[in-house]
Every structure is written in C-alpha cells, then in structure tokens.
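Chemist: Would you mind keeping the following structure in view while I ask a few things?
Only the coordinates and a few stated rules stand behind these numbers; no lab work does. Just so you know, these numbers come straight off a predicted model, no measurement behind them. Methodologically, a virtual Cβ is constructed for each residue, glycine included, from the backbone with ideal geometry; neighbour enumeration extends over all protein chains shown.
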Amino acid sequence: MARRIVKGIEVEVSSGNVFADLNLPDADKLKIKSGLVIEIARAIRKLGLTQEEAGRRMGIPQPKVSALLRGDFANLSERKLMDCLNRLGYDIEITVKPTTEPVGHLTLAVA
C-alpha cells in the first residue's frame with residue numbers, strides 16, 4: 001500500500017476498498033454488500049418507513065432490518081440484499097464485460 005506524508009504525518013493511501021486494506025477475505029464481496037446496505041438504508045429513510053414497514057416490504061423480520069441498519073449484514077446474501085432493494089422500488093442492472101487484468105473485480109455503481 002502506498003504511503004505519503006500529510007501535514008507531517010505518514011499515512012497509508014487506501015486502495016478504495018477498506019475491506020481489502022484490512023486484508024479481509026472476500027473483500028470485493030464485502031464492498032458490494034456494504035454498498036447495497038447503504039442504498040437500502042437511504043431508501044428506507046427516503047420512503048419514511050419504520051423498521052417494521054421496511055421489513056414487511058423487504059420480506060424480512062424487523063430484527064433483521066435493525067441489524068442491517070447497524071451494519072450487521074453477514075447473515076444476508078448479496079442476492080437477498082438486491083431483492084430488498086427491488087422490493088423498495090429500485091432497479092438493479094448487472095453489467096458483465098471483459099477486463100484487461102488477469103482477474104476481474106466486482107464494482108457497485110449507484111445512480
């Protein structure tokens with residue numbers, strides 16, 4: 001990881017994926033899942049839903065909504081998180097394209 005000096009303090013420059021910076025397994029998946037969770041939280045706020053109402057719309061119990069909004073999303077798959085966003089009125093598009101790198105990457109783009 002690159003290092004630089006900012007106001008006399010040595011800092012490490014992020015790769016753009018905090019999970020990879022922390023050397024966590026499945027860092028790309030964690031980045032995608034956390035991005036989906038952020039969008040779910042934004043949607044719930046935008047729609048003015050209670051956790052109970054959001055849970056009914058998303059098809060999950062209120063305690064799971066509460067855990068999700070606290071950042072505990074390990075028990076939910078990427079597919080389930082995408083389904084939650086769909087049920088909150090969001091479209092999801094998946095684009096597959098070749099890469100110049102030996103191994104491709106997962107990316108979440110929010111419009």
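Chemist: Applying the Karplus parametrisation 6.51 cos²θ - 1.76 cosθ + 1.60 with θ = phi - 60° to the phi angles of the stretch 12-26, what ³J(HN,Hα) value in whole Hz is obtained for each residue in order, glycine and proline being reported as x?
Modeler: Here the 3J(HN,Hα) series is 9, 7, 5, 6, x, 10, 4, 5, 5, 4, 8, 6, 7, x, 6 Hz.
Chemist: Give a quick list of GluC sites (Glu not before Pro) in the stretch 1-109 that DSSP marks as loop, anything other than H, G, I, E or B, with at most 12 other Cβ atoms within 10 Å.
Modeler: Passing sites in the stretch 1-109 are Glu93.
Chemist: With charges set only on the Cβ (+1 for Lys and Arg, -1 for Asp and Glu), what does the dipole of the chain come to about its Cα centre, in debye to the nearest 20?
Modeler: Dipole magnitude for the chain comes out near 300 debye.
Chemist: Sticking with this structure for a sec: Write out the trypsin sites (Lys or Arg not before Pro) in the stretch 1-99 meeting two conditions: DSSP loop, and at most 13 other Cβ atoms within 10 Å of their Cβ.
Modeler: Answer by residue number: Lys7, Arg70.
Chemist: Just name one of Val96, Gly48, Gly59: the one whose Cα is farthest towards the positive end of the charge dipole of the chain (beta-carbon charges, Lys/Arg +1, Asp/Glu -1).
Modeler: Of Val96, Gly48, Gly59, it is Gly48.
Chemist: Would you indicate which of [x] 16.9, 52; [y] 12.9, 40; [z] 17.3, 56 is the value of Rg and Dmax of the Cα atoms in Å derived from the coordinates of this structure?
Modeler: [x]
Chemist: Also: Through the Karplus equation 6.51 cos²θ - 1.76 cosθ + 1.60, θ set to phi - 60°, convert the phi angles of the stretch 33-47 into ³J(HN,Hα) values in whole Hz; use x for Gly and Pro.
Modeler: Ordered by residue, 3J(HN,Hα) equals 4, 5, x, 5, 4, 4, 5, 4, 4, 4, 5, 4, 5, 4, 7 Hz.
Chemist: Just to check I understand the Karplus step: with θ = phi - 60° and J = 6.51 cos²θ - 1.76 cosθ + 1.60, what whole-Hz values come out for the stretch 100-108, glycine and proline as x?
Modeler: Residue by residue, the stretch 100-108 yields 7, 7, x, 10, x, 10, 8, 9, 10 Hz.
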